[in-house]
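Note sheet for the following structure.
The values are calculated or read from the model by the stated rules, or taken from the named source; none is laboratory data. On a predicted model such as this, the values are computed, not experimentally measured, just so you know. All Cβ positions, glycine included, derive from the backbone under ideal geometry; neighbour counts span all protein chains shown. Ligands, DNA and RNA are stripped out before the accessible areas are found, and what is left, the full protein with its side chains, is counted by its heavy atoms. Shrake-Rupley method; radii C 1.70, N 1.55, O 1.52, S 1.80 Å.
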Amino acid sequence: MTTSLGLDLHADVAELTAALIDIESVSGNETALADAAEASLRALGHLEVLRDGDAIIARTDLGRAERVILAGHLDTVPLPTVPGARGTVPSSWQDGILYGRGATDMKGGVAVQLALAASLAEPTRDVTYVFYDHEEVQASLSGLGRLVRHHPGLLQGDFAILLEPTDGTVEGGCNGTLRLEASTVGKAAHSARAWMGQNAIHAAAEILVRLRDHEPATVTV
C-alpha cells in the first residue's frame, strides 16, 4: 500500500528505511516526514492516531491485558558539510549497505515501527507507536517531552522499547549526556609583568584534571 505521500509500509524494511532517509528531517524540519508517517498510519484503519506538532502517537485499542510502547524519533543531526561524504540525502546503496543521514539514528528503527504498525492488526498485546520530533537537540524542545506533558495517559504501558538500532542485541539502557558551564577567575596583568596576574586558563587545568581522573560507575544490566 502506497500512500499519497509515497510511503509503502508493506515494502521491504530496508527499502522503507531508504524512503524515510530521502525525506530530509534535520531537527526543526520534521514536518514533511511527520506528514508522511501520519498519512500512512491513518490509512491503516486499525489504529487510533493523534498528531501533536510534529509528533505522532498511533495505538491499537483491543482491550488487551498488557500494552507495549515502541518509540523512535523522526529527526536527524545536520547533514554532512564535506562534499562526497556518506550519510547524505538522498540515500544510496554501496555493496548491499544502505547509507544516508539517519540510516542508523534512527530511520531504520522508525521503518521497523511503521512496518509493525502495518502488519500487526491484532497483536496479542495492545501496542502504542510513538514518533517524535526534536530528539537531537536540547531537552526543552523534545517532542517526547511535549507528548508527556500534553498526553500522559497515552504513554502508559507495561513495557517500552526505543528502536535505536543495536545490531540485534538488547540494550537495557544507554548513557546520557551532561552539559555544563564552568567559569574560572583570573586577574589581569601586563604581559611584561605577567607574574602580577592570575591566568584564568591555567585555573581551568584543575577542572580538566578532575574530569580526566573521574571513574564513572559501572552498571551491569
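For this structure, a couple of remarks:
- In Hz, Karplus ³J(HN,Hα) per residue of region 170-180 (6.51, -1.76, 1.60; θ = phi - 60°; x = Gly, Pro): 8, 10, x, x, 10, 5, x, 10, 10, 10, 8
- Backbone phi angles across region 139-153, fed through the Karplus curve with coefficients 6.51, -1.76 and 1.60 (θ = phi - 60°), yield HN-Hα couplings of 4, 5, 9, 4, x, 5, x, 5, 5, 4, 6, 8, 9, x, x Hz in residue order; Gly and Pro are listed as x.
- Across region 55-72, computed HN-Hα scalar couplings (Karplus, 6.51 cos²θ - 1.76 cosθ + 1.60, θ = phi - 60°) run 10, 9, 10, 10, 8, 7, 9, 9, x, 5, 6, 9, 10, 10, 10, 10, 10, x Hz from first to last residue, x flagging Gly and Pro.
- Taking amide hydrogens as placed 1.01 Å from N in the peptide plane, the amide H of Val26 sits under 5 Å from those of Thr76, each at least 5 positions away in sequence or on another chain.
- Trypsin sites (Lys or Arg not before Pro) within region 11-103, DSSP loop, no more than 14 other Cβ atoms inside 10 Å: Arg86
- Of all accessible heavy-atom area on region 4-120, the percent that carbon and sulfur account for (1.4 Å): 53 percent
- Taking all pairs of distinct alpha-carbon atoms in region 27-81, Kirkwood radius in angstrom: 12.9 Å
- Structural descriptor for the chain: relative contact order 22 percent, calculated from alpha carbon pairs under 8 angstrom and at least 6 residues apart.
- Accessible area expressed per residue, the chain, with surrounding protein chains retained (probe 1.4 Å, Å²): 61 Å²
- DSSP loop GluC sites (Glu not before Pro) with at most 12 other Cβ within 10 Å: longest gap in the chain: 67-170
- Within region 16-154, antiparallel bridges make up roughly 60 percent of the DSSP beta bridges whose residues both belong there.
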